[in-house]
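One structure is given below, encoded as structure tokens.
The values are calculated or read from the model by the stated rules, or taken from the named source; none is laboratory data. Given the structure is predicted, the values throughout are model-derived calculations rather than measurements. Using ideal geometry, Cβ is built from the backbone for each residue, glycine included, and neighbour counts are taken over all protein chains shown.
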Amino acid sequence: MLQRCAAVLAAAILTVACAQTDAGITTNVKTKLAADDTVKAYQVDVDTRNGVVTLSGTVENAAAKEQAITIARGTDGVRDVIDQIRVGEAAATAGTRDNDVDVDVDTNIDDKAAAAARSAGAEIKEESREAKAKAGEIADKTGAAITDAAITSAVKAKFLADTTVKGLRIDVDTSNGMVTLNGNVSSKAEADRAMTLARNTDGVKTVHSNLKIGG
């Protein structure tokens, strides 16, 4: 009887331990996303390293993005969540069709009136095209600008992937492209490596270190 109980207990412990591995956490998060009505699981990629979950991909709206982050944070074993999810622009682009102006000319209208109507319609269409072109240029410039949140996520991801830097012990804060590093490191080499990784991240203007050695 005691041997049977011990076997059951060992199996339970093994199940819990497996669930806490990076692969187990990834599987649990994906399963939750697939079961959620708000999130399209096939649009979200899940990667786990040392208990830190990175979410990437594209979702249809901000609500789906927030729900995915909430689900990941609420999964057992997750220490932190790095958000790299983008919100799709399908709804915005779909609306551009409304900007096209078509002028239908009745065949019974006088030729001069018809010509004037066609000319007016052509001018309106041209103005519409120019407006959409300007809007596209603005959107491109906006998209090219890397946000502080994206820079923070990118720096954290580099730390976690590096064998020298203990990423979970370093806090990253970004403001207007300036990255500030806080926390404790084991050596000057680790501090220097963290500074180098941060400086070489896209969008970073300057890096300020508050790292303490041997703390």
Margin query: What are the pairs with Cβ atoms under 9 angstrom where one residue, in the range 159-174, is among the basic types (Lys, Arg) and the other, located anywhere, is surrounded by fewer than 16 Cβ atoms within 10 Å (Cβ to Cβ)? Sequence gap at least six, or different chains.
Written below: LYS166/ASN184; LYS166/SER186; ARG169/ASN184; ARG169/SER186
Notebook entry, point to check: What pairs can you find where one residue is in the range 183-199 and on the phi > 0 side of the Ramachandran plot, the other is part of a helix (DSSP H, G or I), and their Cβ atoms are less than 6 Å apart, with a gap of 6+ or different chains?
Noted result: GLY183/ARG169
Notebook entry, point to check: Within the range 21-36, can one find any residue that is within 15 Å of the chain's Cα centre (by Cα), at pLDDT below 90 and in a loop (DSSP other than H, G, I, E, B)?
Noted result: no
Checklist line | Candidate set: the range 149-172, residues that are basic (Lys, Arg) and over 17 Å from the mean Cα position of the chain (by Cα); chosen: the one farthest from ALA189 (Cα to Cα) | finding: ARG169
Notebook entry, point to check: Within the range 166-207, restricting attention to residues that are of a type in the set (Asp, Glu) and closer than 16 Å to ALA150 by Cβ, which residue is surrounded by the fewest Cβ atoms within 10 Å (Cβ to Cβ)?
Noted result: ASP202
Check: Out of (1) outside any helix (DSSP H, G or I); (2) of a type in the set (A, V, I, L, M); (3) at pLDDT below 65, what's the single condition that is false for VAL16?
Finding: (1)
Check: Assuming LYS205 fulfils every condition listed in (1) at pLDDT 90 or above; (2) of a type outside the set (Val, Ile, Thr); (3) out of contact with any Gly (no Cβ under 6 Å at 6 or more places or on another chain) apart from one, which condition is it?
Finding: (3)
Next item on the list: Could you tell me whether any residue of the range 86-93 is at pLDDT 85 or above, within 19 Å of the chain's Cα centre (by Cα) and closer than 30 Å to VAL172 by Cα?
Entry: yes
